[in-house]
1. Please count how many residues of the stretch 212-230 are free of Cβ contacts under 8 Å to residues at least 40 places away in the same chain and surrounded by fewer than 18 Cβ atoms within 10 Å (Cβ to Cβ).
2. Do we have residue 146 as under 20 Å from residue 222 (Cα atoms) and either at pLDDT 95 or above or touching a strand residue (DSSP E or B) at 6+ places or on another chain (Cβ under 7 Å) (or both) here?
3. Go through (1) assigned to a helix (DSSP H, G or I); (2) surrounded by 11 or more Cβ atoms within 10 Å (Cβ to Cβ) and name the single condition residue 67 misses.
4. Run down 113, 119 and say which single residue is over 20 Å from residue 177 (Cα atoms), loosely packed, with under 13 Cβ neighbours inside 10 Å and at pLDDT below 95.
5. Take the stretch 70-82 and flag every residue that is in a helix (DSSP H, G or I) and in contact with a helix residue (DSSP H, G or I) (Cβ under 6 Å, 6 or more places away or on another chain).
6. Restricting the stretch 8-20 to residues that are more than 22 Å from residue 190 (Cα to Cα) and touching a helix residue (DSSP H, G or I) at 6+ places or on another chain (Cβ under 8 Å), which is surrounded by the fewest Cβ atoms within 10 Å (Cβ to Cβ)?
7. Would you check if residue 90 is surrounded by 12 or more Cβ atoms within 10 Å (Cβ to Cβ), touching a strand residue (DSSP E or B) at 6+ places or on another chain (Cβ under 6 Å), at pLDDT 95 or above and part of a helix (DSSP H, G or I)?
């Protein structure tokens, strides 16, 4: 049976863009005969608030979005569905990446405008550093180039990541798994068959497919990804929790 998912992040109140995505997924699932899993991405707790978590359940109820798997309320989420329950799962899976990963001390400022064809700016690949929480992160060299797949509606889609794409982080300097790594493993563990995302995550899909392939995670290769247009503000910018306040 087909299964898709809705994956909000409790880092702010949901907005019109979130509603558009949830309704798109809900409508597609009904037409395709697919079930829906609610996955709440809480691995990064830096901006997490209980009010944001409560808002997810309130808004989905208000928008009449139904799901068949995942948390039913805040208590159920904390007890059974927080991504922090799976930290050991995410950590163990790092061993599948092998020699394509390396410990990196570069900051965001260091990598601005970096030529990844020459490796990371501080040549961390050659330094064989030990991972240290608060000081280093774990990156992976991905091949880049054209990445192509089939959308849930059966049409082709692709992205060219370039000859020298940035080496994505899979384990952060905060000592937590990064978004790409968590998303890959959760989609596999939840047996997701189809994903609809906003067009701003097109590059993320390409990166995640290459990461999964390097780790030999075959279950990810078969997932069909589609990317819909974004809701924008009056100035043409995508709606984002960082620029919005309050419920929209």
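The values are calculated or read from the model by the stated rules, or taken from the named source; none is laboratory data. Keep in mind it's a predicted model, so treat the numbers as computed, not measured. Note: ideal-geometry Cβ built from the backbone for every residue, glycine included; neighbour counts use all protein chains shown.
1. 6
2. Numbers: under 20 Å from residue 222 (Cα atoms): yes; either at pLDDT 95 or above or touching a strand residue (DSSP E or B) at 6+ places or on another chain (Cβ under 7 Å) (or both): yes.
Yes; evaluated as a whole, the condition is true for this residue.
3. (1)
4. Numbers: 119 fails: loosely packed, with under 13 Cβ neighbours inside 10 Å.
Of the residues listed, the single one that is over 20 Å from residue 177 (Cα atoms), loosely packed, with under 13 Cβ neighbours inside 10 Å and at pLDDT below 95 is 113.
5. To start, the set of residues in the stretch 70-82 that are in a helix (DSSP H, G or I) comprises 74-81.
Selection gives 74 alone.
6. If we take residues in the stretch 8-20 being more than 22 Å from residue 190 (Cα to Cα) and touching a helix residue (DSSP H, G or I) at 6+ places or on another chain (Cβ under 8 Å), then 11 is surrounded by the fewest Cβ atoms within 10 Å (Cβ to Cβ).
7. Numbers: surrounded by 12 or more Cβ atoms within 10 Å (Cβ to Cβ): yes; touching a strand residue (DSSP E or B) at 6+ places or on another chain (Cβ under 6 Å): yes; at pLDDT 95 or above: yes; part of a helix (DSSP H, G or I): yes.
Spelling it out, residue 90 is indeed surrounded by 12 or more Cβ atoms within 10 Å (Cβ to Cβ), touching a strand residue (DSSP E or B) at 6+ places or on another chain (Cβ under 6 Å), at pLDDT 95 or above and part of a helix (DSSP H, G or I).
A quick yes/no check of all residues on (1) closer than 27 Å to residue 39 by Cα; (2) loosely packed, with under 12 Cβ neighbours inside 10 Å; (3) under 23 Å from the mean Cα position of the chain (by Cα):
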{"position": "73", "(1), (2), (3)": "yes, yes, yes"}
{"position": "107", "(1), (2), (3)": "no, no, yes"}
{"position": "130", "(1), (2), (3)": "no, yes, no"}
{"position": "145", "(1), (2), (3)": "no, no, yes"}
{"position": "170", "(1), (2), (3)": "yes, no, yes"}
